[in-house]
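The structure under discussion appears below in the form of structure tokens.
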Amino acid sequence: MSITLSAEFGLREQDGKAWITLKARETESVTFIWPGGIKRAGAVAQAINAIGKAEAALKAARKDCRDPDTDSALSTKAGELLDEALMALGVKP
């Protein structure tokens, strides 16, 4: 099952508390007050938004490892997907 979820975050103007909004679809979302600061709320939102790219990279790596023509090496495309997933997670490849 693929997770199709996106996240946004910010600070409430009235009290400066961090919030996170999770969106399942354009019309379905939930917003909650994050119990920590804005930096951690941003990291959580970033991780949620990276899930799709991480899933694609893992699937590509798995496919390449099972392909007898790649000799267990990763293709250039799989490597690119891994780089994208790492960048989405805030890691420089």
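The values are calculated or read from the model by the stated rules, or taken from the named source; none is laboratory data. Just so it is clear, the structure is predicted and the values come from calculations on it, not from any experiment. A quick note on method: Cβ atoms are made from the backbone with ideal geometry, for glycine too, and the neighbour counts reach across all protein chains shown. Surface areas here come from the heavy atoms of the whole protein model, side chains and all, with no ligands, DNA or RNA. Shrake-Rupley method; radii C 1.70, N 1.55, O 1.52, S 1.80 Å.
When PHE9 is tested against (1) in contact with a helix residue (DSSP H, G or I) (Cβ under 7 Å, 6 or more places away or on another chain); (2) open to solvent by 90 Å² or more (accessible area, probe 1.4 Å); (3) at positive phi, exactly one condition is not met: (3). Looking only at region 39-83, filter to residues that are in contact with a helix residue (DSSP H, G or I) (Cβ under 7 Å, 6 or more places away or on another chain) and open to solvent by 70 Å² or more (accessible area, probe 1.4 Å); which one of those is nearest to SER29 (Cα to Cα)? Looking at residues that are in contact with a helix residue (DSSP H, G or I) (Cβ under 7 Å, 6 or more places away or on another chain) and open to solvent by 70 Å² or more (accessible area, probe 1.4 Å), I get ASN49. Cβ-Cβ contacts under 9 Å between residues 6 or more apart (or on different chains), taken from a first residue in region 9-36 that is among the aromatic types (Phe, Trp, Tyr) to a second residue that is open to solvent by less than 70 Å² (accessible area, probe 1.4 Å) and assigned to a loop (DSSP other than H, G, I, E, B), are listed as PHE9/TRP34; TRP19/TRP34.
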